[in-house]
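Beneath this line is the structure, given in structure tokens, with notes to follow.
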Amino acid sequence: MRLVTLHLPEAYDEALEILIDKGLYPNRSEAIRMAVRDLLKSELGNSLLRQKESSALPSL
């Protein structure tokens, strides 16, 4: 897995903490990974994403 550093508005981070506190995600990293996965599926579509996964992207 690759390490990526990003800057988030404080409100986003606080909202992520609420989701973690509710037990929806185990930690901030997992919540962000799932959000990115969902974004890629939405923008690229499932079939294109599957092609990318098998050739270049890590398994989502």
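Contact annotation: residue pairs with Cβ atoms under 7 Å, 6 or more positions apart or on different chains, pairing a residue in the range 4-30 that is without any contact (Cβ under 8 Å) to a residue 60 or more places away in the chain with a partner that is of a type in the set (D, E, K, R) and not in a loop (DSSP other than H, G, I, E, B), are L16/R28; I20/R28.
Considering the range 1-28, and only residues there that are among the charged types (D, E, K, R) and not in a helix (DSSP H, G or I), the residue that is surrounded by the fewest Cβ atoms within 10 Å (Cβ to Cβ) turns out to be R2.
Return yes or no: is K22 modelled with pLDDT of 85 or more, of a type in the set (D, E, K, R) and within 13 Å of the chain's Cα centre (by Cα)? No. From the list A35, A56, the one residue that fits, being among the hydrophobic types (A, V, I, L, M, F, W, C) and at pLDDT 80 or above, is A35.
The values are calculated or read from the model by the stated rules, or taken from the named source; none is laboratory data. From a predicted model like this one, the values you see are computed outputs, not experimental measurements. Reconstructed Cβ throughout: ideal geometry from the backbone, glycine too, with neighbour counts over all protein chains shown.
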